[in-house]
């Protein structure tokens, strides 16, 4: 939803190990300032000075002016800038849990009452002018009726210190504009707001700034630094190298323990595992032997586990240090800390017995893997979920044993969560996504295509553009899927469309691609997921909308809703002076192509022509981790070449012997398989 993301330290690939050590040292010296991380349900809140009413949102679509009416299979349209009390109540009206409905609606009512206690001048200073922009504050509803893992004692709407958004009311889009001044005004007026609701059941608070208490005994710090050094020494890295480089080295080691691939194929596989968009796995497998293809399939199918396992040694060091730092940290929202800690220990003990008695090996293995982090039940030593802090402009979190506790209690359907309503748990922290799917050839994409994408970007949280693998001739040049993707990226960047993803489709047919997307039989993380609502993008030009006239819903996986595409169809201007065929002819004749380009991309004509009109294709532009692939593989290649030269020299001297086994870092996959 555009929040300032709270990452674990190991999730930032740019962070150096020297910086991690510095964070450890600052924490141990009591120099980290931050806030308590709480265990509630998220919502964004604001107030319209113009309309004199509070507003709320749970997703980008609600900010933009559209949101899914849960259980009704349709999208509600409204003005940008969240929903009012009526819209908010409607959103929760069909939720099966009365306590969920009550908590969200009551929290909103309390917030609106508090806002009404301010003068119009104060309201504008805090929430924006209500005409051009509004400031939405990142909040959390903590309600004993809606307990997740931690049982809080009072109903509270907590306003966080990070994650607040500047919303442009022309389109409901998030703008990168500081709202610090507004947040200061909110702090200044908070007492007035609190006084107006002091007799209500719900409290309104801003998450208090606190100092993480330092360590009296520095042994945990010394131990953490020693363990971290051992971890990075094992892969031959130094303090000045990054988490991304560590992950990549471990990933390469794992791949090579499973399959030997040509260098270029290895690069492609690594990029694909790292999440590079627009690269089809079939391109990796092309020209490989059947055995190699099977192993590549296995590696790719287990990519999440591969990446998780690659970073695990660093994660474990950070986790153990965080547990030490959070010992004794008290939650401001729990009255009896000792009782809550005892309850959590009891819940975990009971859950462990329940899982062990079930005889379900998969559940037992999963539980034991999470229990490895907890180590001992006595290490559950705080009723706070965690601690949030800033370091070098980034927001991080220490969560200690909360994460494995949460995972263990969640094993099974809803088990181990105390007296919480079971039907609430499907709702916890899940954002309803509306995804517009636009499959097509796009050889090449032109301004009409972009207009269509703009139309759907205003209706949906995310737009997915699927590019057919079919290539098209433009004179002596083939325009392929990679060319189309490269041009799309220029269009999207120039148009400022940040919720659009372009990817290569495995199917030539747009309809076939749509079926694959909604069914997701291959468990592709980029395709539909349970809880998604899908709008199939279509244009009325040439009767294009008829291609989805059939019942696509019957192909959808469980939990995915396919909305009626006719309700959201794109109607282009009547006289369209451009199409892909004419565009290709203009490229072939080296004519001016400006008439085919979106207005925002006129200045990119040269760059686009270079992509579409040259027979020599440009290399793919990779982001940070992708850029490391070349560097690390080159280093490995040089090392291998040197070893071969040394071995040849040794053989020449009569010292022929078998190559020693390299068990320094056994297969990362097999760690999970055991």
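Under a point spin-label approximation (7 Å from Cα along Cα-to-Cβ), what is the residue 257-residue 176 distance to one decimal in nm?
Using points 7 Å along Cα→Cβ, the separation is 3.9 nm.
Which ordering of 452, 62 is given by a fewest-first count of other beta-carbon atoms within 10 Å?
On the way: 452 25, 62 29.
Fewest-to-most ranking of 452, 62: 452, 62.
With the cut-off at 1.5 for a/c, could you classify region 188-313 from its C-alpha gyration tensor as rounded, prolate or oblate?
Oblate shape, in that a/c is at least 1.5 and b/c is the bigger or equal ratio.
R0 = 41 Å: FRET efficiency of residue 198 with residue 25, Cβ-based, nearest 0.05? It would help to have the intermediate numbers written out before the result.
Numbers: r = 43 Å, r/R0 = 1.04.
Step by step, r from the Cβ atoms, then E = 0.45.
Just want to confirm a number: the relative contact order over region 434-613, from Cα pairs under 8 angstrom separated by 6+ residues, in percent.
Rounded, it is 29 percent for region 434-613.
Taking the Cβ of each residue in 389, 136 as the centre, tally the other Cβ atoms inside 10 Å and list the residues starting with the fewest.
By the 10 Å Cβ count, ascending: 389, 136.
Just check region 263-412 against the gyration tensor rule for me: Cα atoms, a ≥ b ≥ c as the square roots of the eigenvalues, rounded for a/c under 1.5, and otherwise prolate or oblate depending on whether a/b exceeds b/c.
Oblate.
Rounded, prolate or oblate: which fits region 39-206, taking a ≥ b ≥ c as square roots of the Cα gyration tensor eigenvalues, rounded meaning a/c under 1.5, else prolate when a/b beats b/c?
oblate
Please state the relative contact order of region 469-521 as a whole percent: Cα pairs under 8 Å, 6+ residues apart?
Rounded, it is 31 percent for region 469-521.
From the mean inverse distance of alpha carbon pairs (Kirkwood) and the Cα radius of gyration, derive Rg over Rh for region 434-613.
So for region 434-613, dividing Rg by the Kirkwood Rh gives 0.96.
With label points built 7 Å along Cα→Cβ from the Cα atoms of residue 298 and residue 610, find their separation and express it in nm.
It works out to 4.3 nm between the two label points.
Between region 440-491 and region 6-63, what is the C-alpha centre distance in whole Å?
35
What FRET efficiency would be calculated for the residue pair residue 11, residue 541, taking the C-beta separation as r and a Förster radius of 45 Å, to the nearest 0.05? Before the final figure, lay out the partial values.
Working: r = 44 Å, r/R0 = 0.97.
E between residue 11 and residue 541, to the nearest 0.05, is 0.55.
Among 211-220, 229-238, 253-262, 138-147, what's the highest-first ranking by average C-beta atoms within 10 angstrom per residue?
Packing proxy ranking, top to bottom: 138-147, 253-262, 229-238, 211-220.
If each residue's Cβ is checked for other Cβ atoms within 10 Å, how do 381, 468 rank with the fewest at the top?
By the 10 Å Cβ count, ascending: 381, 468.
How much length, in nm to one decimal, is gained on full extension between residue 102 and residue 223, taken as 0.36 nm per residue of separation minus their Cα-Cα distance?
That works out to 38.8 nm of additional length.
Give me the number: length gained by fully extending residue 85 to residue 595, i.e. 0.36 nm times residue separation minus the C-alpha to C-alpha distance, one decimal in nm.
Full-extension gain reported as 178.9 nm.
Taking the mean number of other Cβ atoms within 10 Å as a proxy for protection, how do you rank 82-91, 117-126 from highest to lowest?
82-91, 117-126
With each pseudo-label sitting 7 Å past Cα toward Cβ, what's the residue 369-residue 53 distance in nm, one decimal?
Computed distance between label sites residue 369 and residue 53 equals 4.8 nm.
So if each residue of separation counts as 0.36 nm, and I subtract the Cα-Cα distance between residue 579 and residue 470, what length gain in nm does that give?
37.5 nm
Taking R0 as 41 Å, what FRET efficiency do you get between residue 350 and residue 480 from their Cβ-Cβ distance, rounded to the nearest 0.05?
The pair residue 350/residue 480 has a calculated efficiency of 0.10.
Where a number appears in this text, it was derived from the coordinates with a stated rule and is not lab data. The structure displayed is predicted, hence computed values, not measured ones. Counting neighbours? That spans all protein chains shown, and the Cβs are built from the backbone with ideal geometry, glycine included.
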